[in-house]
Amino acid sequence: MHVHRFDSFDELAPWADDWDRLAAGVPFRGWTWATTWWHHYGPATDGRRLFVLGMFDHRDGLVGLAPWYLDGGRRHGVIRFLGSGEVCSDYLSLLAEPGQERAVVSTLAHQLLRSDESGNLGRWDMLELTGVDARDVLVDWLAGHLALGGSTVHHRMGPPCRRTELPRSLDEYLQGLSKNSRRKVRRLQRSLLDSGRARLTTVANLGELDEAMDRLIDLHQRRQRMLGRAGCFASPRFTAFHRDVAARMLAAGQLQLHTLWIDGVPAAAEYQFVGDGVVYAYQSGMDPTRLELQPGHALQLAVLAWAIGNGYRAYDFLRGDESYKSHWNARRRDSLEVRVVAHHVGARLRHAAWVASVETRGWVSRGLSHLKTH
């Protein structure tokens, strides 16, 4: 197995389908998400260079990918996942062909340790990997290999996600809620959905997308301003990224954008990505002047009914531990932030300065005793 560093997405384009195959349906790991993110957050930002490492077998087949970029200049680089930062990508990971995971991680770790010494692939100081599922064995194996090679490895808990498994019918799903939650949901179902006062519409084509995105952004921002917050769409770069990625994801069949109309007026909206039978609820908004109608709960009920009716197996609320998620019987899924410091002297000195200058509470050094034995 050999490693090749890709410096541009033009060079990577022939392997776009292989990238998506290795991403296994997780939208935040896929080609579309990564390339669109790089277009908006990559080369225009000072000091960022693509650092995608591809692992190839003896037949030159792509069997693994490290979807990374290098941040911080040419001498003191920090390796991060594509999609890091304000877009809040979850479930980021290394990508590997099933059955080749250990070989991919071992090869990658060996090359990173060599690069640390010789700069063969580009000298790096640190890996800062965020948005990692706490159960992700590939990142854990990589950290273990690098620790054995002399790197210093730390981790801390990241913001948790929550996910609920979906049965075959809405009635079966509602039976799994608490008695109190089920009673409230049934009342909402009768008063709004069954009565016909509320209806759910879903974007079906690119011609409908811009107007639906405008509604989503307006509802989200109005609700956030009422709460005294800026709202994520206050960032022009964030907004431009999502208008771009939404169109590309819709064309790829990975986007769902719903609007809940109550009495003919848009009351709430939700923006989702889908893949491998899972709905990922990315962002929502609601009319702050109609909260007495509980548009957020009504929308949630409607989109869960939609997901179950369309055969999805799980609904993921993504990061954040807001109380409403447990109301819908969503189980906590912990995430990790992993920091690996290269073992050359310069990286260690800069890491020591970082430790001395920033709040490090919650970072826990991972000794070899913590490494999993999968």
If we count other beta carbons within 10 Å of each Cβ, what is the order of VAL87, VAL132, fewest first?
VAL87, VAL132
Using a 10 angstrom cutoff on alpha carbons, build the Gaussian network for the chain and name the most mobile of ARG49, ARG197, ARG29.
ARG197
Nearest 0.05, what FRET efficiency do ASP194 and ARG21 give at R0 = 56 Å with Cβ-Cβ as r?
0.85
Given points 7 Å out from each Cα along the Cα-Cβ axis, report the ARG49 to GLU211 separation in nanometres with one decimal.
4.8
For a footprinting-style exposure proxy, rank HIS258, HIS58, HIS39 by other Cβ within 10 Å, fewest first.
HIS58, HIS39, HIS258
Rg/Rh for the chain: what does it come to with C-alpha atoms and Rh from Kirkwood?
1.00
Choice from SER89, SER284, SER235 with maximal GNM fluctuation in the chain (Cα, 10 Å cutoff)
SER235
What shape does region 3-77 take by its C-alpha gyration tensor, where a ≥ b ≥ c are the square roots of the eigenvalues and a/c under 1.5 counts as rounded, a/b above b/c as prolate, and the rest as oblate?
oblate
Grab the DSSP H runs of the chain that are 4 residues or longer, score each as -39,500 (n - 2.57), total them, divide by all residues and round the 222 nm result to the nearest 500 deg cm²/dmol.
-11500 deg cm²/dmol
Taking the Cα-to-Cβ direction at SER8 and at ALA247 and moving 7 Å from each Cα, how far apart do the two end points lie in nm?
2.3
Gain in span if fully extended, ASN310 to VAL137, counting 0.36 nm per residue against the direct Cα distance
59.2 nm
What percent do you get for the relative contact order of the chain when only Cα pairs under 8 Å and 6+ apart count?
22
Can you give the FRET efficiency for ASP276 and HIS343, using 1/(1 + (r/R0)^6), R0 = 41 Å, r = Cβ-Cβ distance, to the nearest 0.05?
0.65
Tell me the angle of helix 179-188 to the major Cα principal axis of the chain, expressed in degrees between 0 and 90 and rounded to the nearest ten.
60
How large is Rg over Rh for region 120-246, taking Rg from the Cα atoms and Rh as the Kirkwood inverse mean of 1/r across Cα pairs?
1.10
Per its Cα gyration tensor (rounded if a/c is under 1.5, else prolate when a/b beats b/c, else oblate), region 231-330 is best filed as rounded
Shape descriptor, region 167-312: equivalent ellipsoid semi-axes (Cα gyration tensor, sqrt 5λ, whole Å, largest first) stand at 25, 20, 13
Using the 10 angstrom Cβ neighbour count as an exposure proxy, how do THR202, THR35, THR289 rank, fewest first?
THR289, THR202, THR35
Cα-based Rg/(2.2 N^0.38 Å) for region 165-208, rounded to two decimals, is 1.50
What distance in nm lies between label points placed 7 Å from Cα along the C-beta direction at MET157 and TYR324?
2.4
Going by alpha carbons, how many degrees (0 to 90, nearest 10) lie between the helix axis of 236-251 and the longest principal axis of the chain?
80
Highest first, please rank the peptides 161-167, 305-311 by the mean number of other Cβ atoms sitting within 10 Å of their residues.
161-167, 305-311
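Rule-based calculations on the coordinates, nothing more; no lab input. Since this is a predicted model, take the numbers as computed values, not measurements. Positions of Cβ are generated from backbone atoms using ideal geometry, with glycine treated the same way; all protein chains shown enter the neighbour counts.
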